[in-house]
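**Q** One structure is given below, represented as structure tokens, and several questions about it will come after.
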Amino acid sequence: MYPLPEQLNYASYRMAKANYIRVLIDRAIHRELDYLVPETLAERVGVGSRIRVPFRDKSALATVVAVLEHSEAQGLRPIEAVVGDAPALSEQLLELARWISVYYCCPIEAVMRSLLPQVIRRAEIGWKKQLFVLPARKIDREEIEKLQRRAPRQAELLEAISRLEAPVRAADLLRQTSLENQTLRALVKRGLAEMREEAVVRDPHAGEQFIATSNLVLNAEQLLALKEITHALDSPESARPILLHGVTGSGKTEIYLQAIRAALEHGRSAIVLVPEISLTPQTVERFKGRFAEAQDTVAVLHMIVVDEEHENTYKQEEAPRYNARDVAVVRARIEKCVVVLGSATPSLESYYNAVRGKYLLSTLSQRIDEKQMPLMRIVDLRQERRKEKAIAILSEKLRGAIADRLDKREQTILFLNRRGFSTSLLCSNCGEARNCPNCSVALTFHRHIARLSCHLCGHTAAVPKKCPACGKDALIYAGFGTEKVESTVAHIFPKATVRRMDADSMTRKEAYRETLRNFRTGKIDILVGTQMIAKGLHFPNVTLVGIINADLALHLPDFRAGERTFQLLTQVAGRAGRGETPGEVFVQTYTPFSPSIQFARHHDFAGYFQQELEFRERCDFPPFKHAVLITVRSAHEGRAKLSAETLVRRLKESFGAEFIPGDATPAPLEKLQGQFRFHILIRGEAIMRLSRLVRETLDKLPFPEDVTVTIDVDPYQLL
Ligand code: ADP
Ligand code: ZN
């Protein structure tokens with residue numbers, strides 16, 4: 001388990017009545033400040049309280065992090081008010097915040113921002129209502145293009161707004177488009193967009209009825225796993241985190257449900273973490289159904305469940321860049337509660353912890369009712385290509401299998417991890433591809449909007465008639481995405497109902513639920529989709545899964561490429577044969593002999609794990625060493641490069657012989673959203689110390705204003 005930083009021992013400062021307090025102001029000042037507490041407020045102030053304090057010549061909101069007997073500081077000022085009745089954060093959560101701050105090299109203020117419930121923060125700044133955005137009127141394409149020349153960012157945002165079918169939260173829209181508030185304000189000023197205040201945050205499940213379910217009778221393996229968890233619940237102080245490794249359909253969720261029931265019966269509470277929004281409808285139903293009668297009372301936290309612990313969505317891609325799974329493990333230690341990590345394809349990190357005895361490994365090797373694991377068939381696309389000469393989206397074998405399922409009224413899932421229609425537009429005369437002006441990637445053609453679009457920055461462009469580089473009428477579409485798979489399949493099987501599920505087709509939440517419902521009730525025969533359909537879904541009538549191209553994930557310049565491929569294949573395959581009829585999976589690939597594919601084919605997790613671990617050890621990669629990835633970016637290539645090189649020199653000085661930073665190298669994704677990016681990769685075992693040295697070095701080094709530096713500890717993406 002990770003070491004906690006020493007500075008966490010604040011307990012000695014605590015006392016019944018507050019005279020002095022130490023606070024963290026909601027601003028990036030990187031420092032804690034002391035204040036006096038007037039007699040009248042003393043009873044109401046404790047660690048975790050939200051207060052208002054004088055700061056410079058204004059007043060500011062702050063969180064109390066310690067109650068002090070003495071303060072060395074001079075000229076202390078009294079606090080102005082206490083906000084709310086109860087502390088917003090418990091002492092344990094504050095301790096967790098400090099850990100996150102040190103471990104992930106992130107200013108504590110930013111960590112606090114992510115921990116404090118949104119509602120509390122907003123209520124205090126007087127922003128009780130939420131702002132929603134919608135188009136002010138119908139916006140036509142010409143208008144967007146006109147704006148494009150003068151104000152490209154506004155055009156980009158307008159484009160997104162014009163496609164909205166219902167008002168969305170302004171904050172969400174800006175986050176998704178990575179654009180600024182001022183861009184939005186400008187559009188409002190121009191009368192193109194409208195903002196509306198709405199008062200309530202609605203629970204998406206409010207008003208729904210859940211049918212109460214009761215405990216199922218567990219099989220022997222499940223019983224054993226549950227016993228291990230309840231045993232841990234009896235003495236959580238000494239319990240190790242539990243890694244529940246159960247093949248897809250082995251009944252892990254049923255174990256969570258019964259373990260949570262046990263915690264609730266002791267009057268304790270539980271938290272369940274489920275990755276990404278797309279998993280929730282089905283899962284939420286199962287949980288809400290089981291605990292239909294349970295009250296939403298605050299209780300002592302007793303257990304944390306992290307489902308699909310290997311999921312990359314647990315890793316935050318914005319500061320603080322923490323991994324929610326690892327934070328859950330640390331939180332469990334601080335709060336002395338039990339933590340269960342569950343997965344059919346555990347991450348190498350967690351599995352390695354289990355093998356070393358840091359975690360307790362609990363295994364479910366069988367599907368419920370001894371259902372067979374699906375039969376995996378590998379289709380060698382190289383041979384297919386020799387037969388057909390053109391790149392086939394569906395091999396002959398997969399086509400035959402789909403036809404067979406249609407005859408039997410069984411369902412099929414087709415998986416491709418790439419959106420759009422064609423992945424690039426090439427000139428067959430001069431070879432030029434249409435690239436994004438802001439990013440170093442090709443633009444993808446989307447048929448539903450009849451435009452080219454960048455999947456990284458959202459930039460869109462009209463489809464040129466002739467090659468803009470050489471002027472020849474020789475443009476060809478190359479590569480394919482889900483849109484094309486959908487239309488091809490619909491073309492080959494005109495009688496079948498085909499639907500697509502990806503970020504483009506599922507912009508509305510209702511669309512997502514509706515499609516799932518129609519698929520479940522058999523109104524859809526073939527579902528085509530991206531990773532949105534890869535995990536967690538349970539459809540008994542799906543007996544065939546086709547993986548259109550297994551190589552996509554494999555060839556990313558990233559040490560996790562193999563792991564991701566193995567996980568993806570296993571998870572997608574796990575969607576097949578969950579009912580009475582055994583499932584079949586077709587994996588189309590140009591590299592049929594790659595280890596990830598072969599081990600996944602034989603459902604051999606242990607074998608895969610062994611060989612992958614050997615590779616990681618040879619290369620000093622996680623889980624053997626921690627990695628810290630520093631990205632230096634700027635709109636000026638030279639300045640980004642120079643800053644990165646200077647930083648490497650300074651890091652070398654600070655590290656001495658302890659750690660060795662890699663050279664500053666152009667990132668695999670060299671240009672993103674108009675910024676040139678350089679990477680520095682550092683590896684080391686003592687991560688707390690490494691993080692601290694990195695932070696100290698950076699704090700001392702002034703960077704030019706147009707250079708941004710980000711630090712990612714335990715990075716998931718190396719692009
Ligand atoms: P996992 O989460 O491991 O993929 P699930 O918990 O979704 O597996 O279980 C797969 C299916 O088996 C579900 O429909 C679930 O209701 C059912 N199931 C789980 N445990 C049992 C059991 N002990 N007896 C009968 N059915 C079970
Ligand atoms: Zn782009």
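The values are calculated or read from the model by the stated rules, or taken from the named source; none is laboratory data. The shown structure was predicted, so the numbers you read here are calculated from the model rather than taken from an experiment. Glycine gets a Cβ as well: all are built from the backbone with ideal geometry, and neighbour counts include every protein chain shown.
**Q** Could we say that Ile271 is away from ligand 1 (no atom under 16 Å from the Cβ) and touching a strand residue (DSSP E or B) at 6+ places or on another chain (Cβ under 7 Å) here?
**A** yes
**Q** State whether the residues of the stretch 658-666 include one that is modelled with pLDDT of 95 or more and of a type in the set (S, T, N, Q).
**A** Checked the stretch 658-666: no residue is modelled with pLDDT of 95 or more and of a type in the set (S, T, N, Q).
**Q** Hey, among the residues in the stretch 413-454 that are away from ligand 2 (no atom under 16 Å from the Cβ) and farther than 18 Å from Val485 by Cα, which one's surrounded by the most Cβ atoms within 10 Å (Cβ to Cβ)?
**A** Step by step, filter the stretch 413-454, then rank; the result is Cys427.
**Q** If you don't mind, another one. If you take the residues of the stretch 288-326 that are modelled with pLDDT of 70 or more, in contact with a Leu (Cβ under 7 Å, 6 or more places away or on another chain) and farther than 21 Å from Ser350 by Cβ, which of them is surrounded by the most Cβ atoms within 10 Å (Cβ to Cβ)?
**A** Once the filter is applied, the top-ranked residue is His302.
**Q** Residues of the stretch 113-150 being surrounded by 14 or more Cβ atoms within 10 Å (Cβ to Cβ), modelled with pLDDT under 85 and assigned to a helix (DSSP H, G or I), which ones?
**A** Listed by number, the residues that qualify are Arg113, Ser114, Leu115, Ile120, Arg121, Arg122, Ala123, Glu124.
**Q** How many residues are outside any loop (DSSP other than H, G, I, E, B) and at pLDDT 95 or above if we restrict to the stretch 233-242?
**A** 1
**Q** For Gln531, which of the numbered conditions (1) under 18 Å from Glu311 (Cα atoms); (2) among the polar types (S, T, N, Q); (3) without any contact (Cβ under 8 Å) to a residue 24 or more places away in the chain fails to hold?
**A** Against the list (1) under 18 Å from Glu311 (Cα atoms); (2) among the polar types (S, T, N, Q); (3) without any contact (Cβ under 8 Å) to a residue 24 or more places away in the chain, Gln531 comes up short only on (3).
**Q** From the list Pro346, Pro374, which residue is under 28 Å from Phe539 (Cα atoms), at pLDDT 95 or above, crowded, with 23+ Cβ neighbours inside 10 Å and not β-branched (Val, Ile, Thr)?
**A** Testing whether each residue is under 28 Å from Phe539 (Cα atoms), at pLDDT 95 or above, crowded, with 23+ Cβ neighbours inside 10 Å and not β-branched (Val, Ile, Thr) leaves just Pro346.
**Q** When you scan the stretch 655-666, do you find a residue that is of a type in the set (Asp, Glu) and in contact (Cβ under 8 Å) with a residue 60 or more places away in the chain, even just one?
**A** no
**Q** In addition: Please go through the stretch 40-95 and pick out each residue that is surrounded by 15 or more Cβ atoms within 10 Å (Cβ to Cβ), in a loop (DSSP other than H, G, I, E, B) and within 32 Å of the chain's Cα centre (by Cα).
**A** Matches in the stretch 40-95: Val47, Gly48, Ser49, Pro87, Ala88, Leu89, Ser90.
This table checks each residue for (1) within 15 Å of Leu33 (Cβ to Cβ); (2) at pLDDT 90 or above.
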| residue | (1), (2) |
| --- | --- |
| Ala60 | yes, no |
| Val65 | yes, no |
| Gln74 | yes, no |
| Glu80 | yes, yes |
| Pro87 | no, no |
| Glu91 | no, no |
| Ile108 | yes, no |
| Val111 | no, no |
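**Q** Right, another one. Restricting to the stretch 546-563, count the residues that are over 20 Å from Leu527 (Cβ atoms) and without any contact (Cβ under 8 Å) to a residue 60 or more places away in the chain.
**A** Number of matching residues: 5.
**Q** Against the condition aliphatic (A, V, I, L, M) and at pLDDT below 90, how does Ala433 come out, does it pass?
**A** Numbers: aliphatic (A, V, I, L, M): yes; at pLDDT below 90: yes.
Taking the combined requirement at face value, the residue satisfies it.
**Q** Another question about this same structure. So, Ala462, is that one farther than 25 Å from Ile413 by Cβ and either within 13 Å of ligand 2 (Cβ to nearest atom) or at pLDDT below 90 (or both) or not?
**A** Working: farther than 25 Å from Ile413 by Cβ: yes; either within 13 Å of ligand 2 (Cβ to nearest atom) or at pLDDT below 90 (or both): no.
Judged against the criteria, Ala462 is not a match.
**Q** At least 3 residues that are more than 26 Å from the chain's Cα centre (by Cα) in each: list the helices (runs of 4 or more DSSP H) lying fully within the stretch 304-389 that qualify.
**A** In the stretch 304-389, 381-388 are the helices (runs of 4 or more DSSP H) which contain 3 or more residues that are more than 26 Å from the chain's Cα centre (by Cα).
**Q** Would you call Leu690 more than 28 Å from the chain's Cα centre (by Cα) and at pLDDT 95 or above? Steps first, answer last, please.
**A** Values: more than 28 Å from the chain's Cα centre (by Cα): no; at pLDDT 95 or above: yes.
Judged against the criteria, Leu690 is not a match.
**Q** Further question on the same structure: Looking at the stretch 392-408, is at least one residue within 30 Å of Thr253 (Cα to Cα) and within 16 Å of ligand 1 (Cβ to nearest atom)?
**A** Scanning the stretch 392-408 turns up no residue that is within 30 Å of Thr253 (Cα to Cα) and within 16 Å of ligand 1 (Cβ to nearest atom).
**Q** Can you confirm whether Ala478 is farther than 21 Å from Lys671 by Cα, of a type in the set (A, V, I, L, M) and within 16 Å of ligand 2 (Cβ to nearest atom)?
**A** no
**Q** Only one residue in Ala403, Ala392 is without any contact (Cβ under 8 Å) to a residue 40 or more places away in the chain, more than 25 Å from Glu614 (Cα to Cα) and away from ligand 2 (no atom under 16 Å from the Cβ), so which one is that?
**A** On inspection, the qualifying residue turns out to be Ala392.
**Q** List the pairs whose first member sits in the stretch 457-471 and is on the phi < 0 side of the Ramachandran plot, whose second member is within 10 Å of ligand 2 (Cβ to nearest atom) and part of a loop (DSSP other than H, G, I, E, B), and whose Cβ atoms are under 6 Å apart, counting only residues at least 6 apart or on separate chains?
**A** Filtered contacts from the stretch 457-471: Cys457/Asn438; Cys457/Cys439; Cys457/Gln673; His459/Cys436; His459/Asn438.
**Q** In the list Val247, Val284, Val330, which residue meets the criterion of being within 12 Å of ligand 1 (Cβ to nearest atom) and either aliphatic (A, V, I, L, M) or modelled with pLDDT of 90 or more (or both)?
**A** Values: Val284 fails: within 12 Å of ligand 1 (Cβ to nearest atom); Val330 fails: within 12 Å of ligand 1 (Cβ to nearest atom).
Exactly one residue qualifies, and that residue is Val247.
**Q** Before we move on, is Arg356 surrounded by 16 or more Cβ atoms within 10 Å (Cβ to Cβ), at pLDDT 90 or above and charged (D, E, K, R)?
**A** No, not satisfied.
**Q** Would you mind telling me which numbered condition in (1) within 16 Å of ligand 1 (Cβ to nearest atom); (2) without any contact (Cβ under 8 Å) to a residue 60 or more places away in the chain Ile413 fails?
**A** For Ile413, the failing item is (2).
**Q** Take the stretch 596-620 and flag every residue that is surrounded by 17 or more Cβ atoms within 10 Å (Cβ to Cβ), in contact with a helix residue (DSSP H, G or I) (Cβ under 6 Å, 6 or more places away or on another chain) and more than 13 Å from Tyr351 (Cα to Cα).
**A** Ser596, Phe599, Ala600
**Q** I would also like to ask the following. Just checking, does the stretch 606-622 include any residue being closer than 24 Å to Gly400 by Cβ, away from ligand 1 (no atom under 16 Å from the Cβ), at pLDDT 90 or above and over 26 Å from the mean Cα position of the chain (by Cα)?
**A** No, the stretch 606-622 has no match at all.
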